[in-house]
Ligand SMILES: [Mn+2]
C-alpha cells in the first residue's frame, strides 16, 4: 500500500532573482559548462539544453550538450535541431573542471550516467518545470507553472545578455511546441503565446519545425501505429474508475519493422483521442525488455501523481513510469491506482 504519503511533496517556489544570479554566476565562473538533457530526450529537454548551450557560446562561455543514450543519436523528430556540433556522448566528455546544468530532468535517475558526472562537477544546477522535481541541484531554477522548461531556458538566454538568434529561438521553440502539444495543452497561456511571438520575431520557421517534430515519420512507423491501434483495448468508465484506453508495443513488433523505441512515442497521441476514455496508456517494450509506460489524461485525473506513486513522474496531463511486470499486470496496477484516485477525490 502506498497511499499514506500521497501528495506530501512540499510546494516548489518559483525561482527568485537570487536563484538566477547564482546560476548565471556559476556558469560564468566555470571553465566549461555541460548542458544536459534527460534520458530519451524530447524536444523540451534537448531544445532547452541546446538553446542554452548556444547562448553560453554566444556569451563567450565554453559549453557542450550531452545526454545518456546508447547509441548516441538524436530522436528522428529532432535531427534538424541547430547546435548539434556541441553534442558530446557521455564517453566523449573530456572535461576536468566544469559546471553541469540539467534541463527538464525531475530527478537524478533521469540523467542516467550523467548523474555521476554531475556529482563531480564544481557546480551542478538544474532547470526544470516538473512538480516531481526532487531538489537535487545546488541551484534550482524550477517553475512548475512554466508550460515547458524551454521558457526558463529562454530566460537564461536573456539573463546571459545574449541576442536571441534564429538558431537559439528554433531550439527554444522545439521545447515550447513539444510540451504544449502545439499550444493545445492546458498549460498554454497568453504568456506562452507571447514567448512564441518573440521566437517568431527571431525568424524561426514554425511550419518546418512543426512538420519535423509532429508530422514526419517513416512508413514503418505508420505501420507500427496501425498495429498499436488494432490491439488497443477500452476499459469502459465505471462507478469506480474512469475510462481507460490502452495498447502495447512489443520489442518484436519494432524489430520486425526495424524501429527504435522513440518511433513508438507518437502512438499515444492517436490512442488518446478515444472519446470514451479519460486516460490513455501505451505500454512499450524497450530493447532491455523493460516496459516504458506512457500515460495521458484529459484533465479529471492527475496522471503525474499516479505515475509518481508507481515509481515514475511527469505532469498532470502527461506522465510515465517503467516496469518489469507484464502489460496485463501494469494495466491492472493503473486501474487500481485510478480507482483509489477516484475514491480520494470524492472524499
Ligand atoms: Mn518539459
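Classify region 17-214 from the C-alpha gyration tensor, please: rounded if a/c falls under 1.5, else prolate or oblate depending on whether a/b exceeds b/c.
The shape class here is rounded.
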Inset, instruction - Determine the principal axes of the Cα atoms in region 284-347, then give the extent along each, sorted from largest to smallest and rounded to whole angstroms. - result: 41, 20, 17
Legend entry - Rg/Rh for region 113-271, where both radii come from Cα atoms and Rh is the Kirkwood radius: 1.04
Inset, instruction - Would you please state the base-10 log of I(q)/I(0) at q = 0.10, 0.12 1/Å for region 219-346, with intensities from the Debye formula using one equal scatterer on every alpha carbon? - result: -0.28, -0.41
Inset, instruction - Taking the Cβ of each residue in 120, 251 as the centre, tally the other Cβ atoms inside 10 Å and list the residues starting with the fewest. - result: 120, 251
Legend entry - Debye equation applied to the C-alpha atoms of region 101-163, log10 I(q)/I(0) at 0.13, 0.19 Å⁻¹: -0.34, -0.69
Inset, instruction - For n ≥ 4 DSSP H runs only, could you compute -39500 (n - 2.57) per run for the chain, divide by its residues and tell me the 222 nm figure to the nearest 500? - result: -11500 deg cm²/dmol
Inset, instruction - Using the number of other C-beta atoms within 10 angstrom as an exposure proxy, rank 326, 48, 106, 89 with the fewest first. - result: 326, 89, 106, 48
Inset, instruction - Specify the angular offset, from 0 to 90 degrees and rounded to the nearest 10, of the alpha carbon long axis of helix 17-29 from the longest principal axis of the alpha carbons in the chain. - result: 60 degrees
Inset, instruction - Can you put 303, 117 in order of Cβ neighbours within 10 angstrom, beginning with the fewest? - result: 117, 303
Inset, instruction - Once you have all Cα-Cα distances for the chain, histogram them in 10 Å bins from zero and send the whole-percent values. - result: 5, 26, 34, 25, 10, 1, 0
Legend entry - Euclidean distance of C-alpha centroids, region 210-250 and region 81-143, integer Å: 32 Å
Legend entry - Degrees, to the nearest 10: 219-230 long Cα axis against longest axis of the chain: 40 degrees
Inset, instruction - On a C-alpha basis, how far is the centre of region 14-73 from the centre of region 269-344 in Å? Whole number, if you could? - result: 30 Å
Inset, instruction - Note the angle between two axes, namely the Cα long axis of helix 43-58 and the longest principal axis of the Cα atoms of the chain, as a number of degrees from 0 to 90, rounded to the nearest 10. - result: 0 degrees
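Read-outs throughout are calculated quantities, based only on the coordinates presented, and are distinct from any laboratory measurement. Because the structure is a prediction, the values reported are computed rather than measured. Methodologically, a virtual Cβ is constructed for each residue, glycine included, from the backbone with ideal geometry; neighbour enumeration extends over all protein chains shown.
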